[in-house]
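Read through the structure below, which is laid out as structure tokens, and then see the notes.
The values are calculated or read from the model by the stated rules, or taken from the named source; none is laboratory data. Values in this document were obtained by computation on a predicted structure and should not be read as measured data. Please note: Cβ atoms are built from the backbone with ideal geometry, for glycine as well, and neighbour counts cover all protein chains shown. These area figures cover heavy atoms from the full protein model, side chains too; ligands, DNA and RNA do not enter into them. Shrake-Rupley method; radii C 1.70, N 1.55, O 1.52, S 1.80 Å.
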Amino acid sequence: MDYAALAAGIVFGLGALGAGIGNGLIFSKTVEGISRQPELRGTLTATAFIGVGLVEALPIISLVLAFMWQ
Amino acid sequence: MKGVRSNKMEHIAPQLKIADGFTLDLSALFMIVLSSVIVFVLCRLAVRNLSVDNPGKLQNFLEWVVEFVQGIIGQAMDYKKGKPYLALGLTLILYIFVSNMLGLPFGIVTEAHDAAHATFLGMNLYIPEGDHEELSFSWWKSPTADASMTMALALIVIVLSHVQGLRHNAKHYLKHYTHNPNIVFLPIHLVEIFSKPLTLGLRLFGNIFAGEVMIGVILGMGWVGIPALLLWQGFSIFVGAIQSFVFTMLTMVYISQAIVHEEDH
């Protein structure tokens with residue numbers, strides 16, 4: 001049984017789950033903020049993308065690990 | 001990172017073995033020098049014939065970048081306190097942005113016909129263990145796709161923040177660890193000392209390296225991958241810009257955490 005491939009799959013799958021949930025939370029709050037104050041749209045969108053850059057750090061590290069073990 | 005396996009052909013980076021367990025990555029060396037030269041030439045061209053009333057396009061662009069970095073510093077700390085770090089922020093954002101963009105347009109790959117005895121200018125290249133049928137060396141990549149390069153940048157920034165914190169007010173800086181707000185939090189702060197440079201460096205490395213690996217995978221798909229490659233290149237430009245901005249912003253936040261004291265202490 002190829003444990004390395006299984007490990008790579010589990011690692012990246014859980015990382016993708018975390019990234020999906022994190023990004024979903026960020027953007028749902030951003031949309032809510034834009035709906036409350038439409039004039040802040042630019043600021044909120046920019047802050048949302050900064051948040052995405054931070055949240056996706058660990059899932060991307062897990063992607064690199066998955067490539068290493070595959 | 002040994003390399004990416006695609007269609008039984010391994011692309012590995014040309015490395016020189018300096019000492020036991022220490023190899024020098026030649027492609028990273030060339031690419032770091034190249035991106036440094038590009039940023040230097042860009043900035044020197046932008047400050048030629050400076051004019052207040054009639055700025056050229058490049059001067060306009062550089063002024064915009066300077067104001068952008070001033071905005072980043074102003075968000076993290078009081079700008080009067082943060083003014084010495086403007087040059088650091090400017091260097092980081094320009095250098096990381098150019099480095100992230102370099103690996104996207106093309107790649108340079110040379111094939112080694114005799115894998116075991118590949119040489120570069122007479123020096124033997126280091127071949128990792130294993131049985132290689134066809135070996136090719138990839139000479140062109142983003143310098144930030146190398147973990148040692150991004151970790152070096154992160155270490156520079158974090159050591160700078162510690163040194164500046166100790167220089168400005170050493171007792172107050174050490175109080176940040178024990179009195180913040182309670183000594184119970186000390187283990188968390190000790191872990192933070194290690195996790196800050198680690199995540200700072202690995203975030204940048206992971207984003208750019210994964211982007212390059214995906215380019216390799218899409219190229220392996222042949223003609224079918226052309227629209228996918230267009231989309232992925234566009235996304236990689238976006239990610240490269242965002243990651244350079246996030247790195248600079250986090251630098252300023254960590255420095256401000258180390259040197260700003262007055263508020264509630």
Quick one: which of B:Phe238, B:Phe194 is under 13 Å from B:Met101 (Cβ atoms) and surrounded by fewer than 19 Cβ atoms within 10 Å (Cβ to Cβ)? B:Phe238
For B:Glu134: the one exception among (1) closer than 30 Å to B:Leu16 by Cα; (2) under 25 Å from the mean Cα position of the chain (by Cα); (3) among the acidic types (Asp, Glu): (2)
Find the residue count for the stretch A:18-70, including only residues that are within 14 Å of chain B (Cβ to nearest Cβ) and small (Gly, Ala, Ser). 11
Take the residues in the stretch B:170-191 that are in contact with a helix residue (DSSP H, G or I) (Cβ under 8 Å, 6 or more places away or on another chain), open to solvent by less than 70 Å² (accessible area, probe 1.4 Å) and part of a helix (DSSP H, G or I); name whichever of them is nearest to the other protein chains (Cβ to nearest Cβ). B:His189
Would you please list the contacts, defined by Cβ atoms under 8 Å and residues six or more apart or on different chains, that run from a residue in the stretch B:71-90 that is farther than 12 Å from B:Ile259 by Cα and of a type outside the set (Asp, Glu) to a residue that is outside any helix (DSSP H, G or I) and at pLDDT below 90? none
Criterion violated by B:Asn49 - all others in (1) over 19 Å from B:Phe247 (Cβ atoms); (2) part of a helix (DSSP H, G or I); (3) open to solvent by 80 Å² or more (accessible area, probe 1.4 Å) satisfied: (2)
